[in-house]
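To start, the structure itself, in structure tokens.
FYI, it's all coordinate maths here, none of it is from the lab. Since we're looking at a predicted model, the values are computed, not measured. For neighbour counting, all protein chains shown are included, and Cβ atoms are generated from backbone atoms with ideal geometry for every residue, glycine included.
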Amino acid sequence: MFAGPNAASNTTAGKNDVVVLKRADLNKPSGDNRLNASITRTLLNSGALMSVANKRLHIKIRIMGEKLKIFNGKILTPYRLIRQGTVVVSNGKIVEVSAGNIDVPDAEEIDAKGNYIAPGFIDMHVHGGGGHDFMDGSENAFLRIAETHAQYGTTAMLPTTLTAETEELYKTLELYEQANRNNTAGAQFLGIHLEGPYFAMSQRGAQDPRYIRNPDPKEYKGILSRSSSIKRWSAAPELEGALEFAHYLKSKGILVALAHTDALYDETLVAFENGYTLATHFYSCMTGVTRKNALRYAGVVESAYLIDEMDVEVIADGIHCPPPLLKLIYKIKGTDRMALITDSMRAAGMPEGDSILGSLHDGLKVIVEDGVAKLPDRTSFAGSVATADRLVRTMVKEAEIPLLEAVRMITNTPASILGITDRKGTLIPGKDADIVIIDGDIQVQKTIVNGRVIFDKELDKQNLELALK
């Protein structure tokens, strides 16, 4: 039932007491209020006060215990399907993956109910979700985005910026550090992805033209001196100074990606040889076959196909890249060179309608319709509203890619591109217990990060029903 508006908060209930929680209580990191993300989201979204039986709190805490057994599921391993198996987790790590229902003493149990047990989804290009953007200038935005995407199976992500003033980037980097320390209820942060501001103006797409410029050594060295959390940077390689920029990034161990570019084949090949090994949101804001003075030239798209070792990331929402293109990319690049990304903006997980791309105070007005964000004049896409589960569904149901392969494109492939396969991307003993349970329609049932259940669809439904009573 709901507590009244003036009800007192109580987070120190006894065994048979009822705990009455207020919105402020849900943000407390310590004490007896140890709700996990699913109850938190239900209360915050409803804006209500709610009484929750202490027994339910106890169950939630036990599911996040030191040892966990997930059984009765179809396990998606890197190269095969275990039709009925068990995954055992201890202290946040996978310790065993086995066929059958094995005995695991003293473990909390999760019945997968015949659903698929898959590695957690890794989104290495995401701007926002749940009504928030990483450029909003608040720690709360970071945390809410992480929680939103966890509902759709994302267990790890690279928060991504847009073109902006340098001071705004500095602020975003500072907020990332704060949010990363407090991010316990959402997808894990893997570092920052800077998208821009070094782009070709003609390929800016929805990026704000006020801030687009050529690489400036003083500027980018200053930015990198402010944070060790920058793991990836996307830029146009044909710009003056862009190759020196790539050399500097590589010396710092940062992934260099080409994006929003007018490069042709020769320029793309040189770029690849100098460190641009990933094509950002493939097909979007980059050259294809181009004609100059009656002659045809191969663009970035053809170059990425011709350079076998170049990785591509794809917004596999069926709109940015329709099914025939998804099939083509898969056929040429294969599972290990094709990563799925959402590239989602704040409207992901929200109803369609008016929205803002970028920060609330200085962003670009867009409209969300037909499952995608568009500029108001509808001349261009303005980012996606996809979620990770939608990407996999699209690949399987529309592009007719086998489920095992589609899941690899959003788990092991991004982990490989980011250089974190030692701990992420597959269900193998010794790796982080980042796990998602999905049904036959690729709807997420549970999301587990480092062995902790942070989203439980069934319990969310129960909590919502309780809140409405």
In nanometres, the difference between 0.36 nm per residue of separation and the alpha-carbon distance of K461 and L328 is 43.9 nm
Unit charges at the beta carbon, dipole of the stretch 121-418: most positive-side option, S380, T411, L243 = T411
Note, ³J(HN,Hα) from phi for the stretch 444-454, Karplus 6.51, -1.76, 1.60, rounded to Hz, x at Gly and Pro = 6, 9, 8, 10, 10, 10, 6, x, 10, 6, 10
Karplus-derived HN-Hα couplings along the stretch 72-80 (A = 6.51, B = -1.76, C = 1.60, θ = phi - 60°), whole Hz, x at Gly and Pro | 6, x, 8, 8, 8, 7, x, 10, 7
Going residue by residue through the stretch 160-177, the Karplus relation 6.51 cos²θ - 1.76 cosθ + 1.60 with θ = phi - 60° gives ³J(HN,Hα) values, rounded to whole Hz and with x marking Gly or Pro, of 10, 8, 10, 4, 6, 5, 4, 4, 5, 5, 4, 4, 5, 5, 5, 5, 4, 4
Spin-label point model (7 Å from Cα, Cβ direction): what's the K252 to K67 distance in nm?
-> 4.5 nm
Sorted by chain and then number, the residues having a modelled amide H within less than 5 Å of the amide H of N450, at least 5 places away or on another chain, are A433, D434, I435
Which of K252/K327; K113/K397; K231/K457; K333/K446; K93/K446; K171/K457 exceed 26 Å between C-alpha atoms? The answer is K252/K327; K231/K457; K333/K446; K171/K457
Charge tally for neighbours of V97 with beta carbon under 14 Å away, counting Lys, Arg as +1 and Asp, Glu as -1, is +3
Calculated FRET efficiency for the pair D308/S228, C-beta based, R₀ 35 Å, to 0.05 = 0.60
Packing rank of 339-347, 370-378, where each peptide gets the mean count of other beta carbons within 10 Å, highest leading | 339-347, 370-378
Protection proxy ranking of 312-318, 454-460, 188-194, 75-81 - average other beta-carbon atoms within 10 Å, highest first = 312-318, 188-194, 454-460, 75-81
Hey, got the dipole for the stretch 121-418? About the Cα centre, +1 on K and R Cβ, -1 on D and E Cβ, debye to the nearest 20?
-> 280 debye
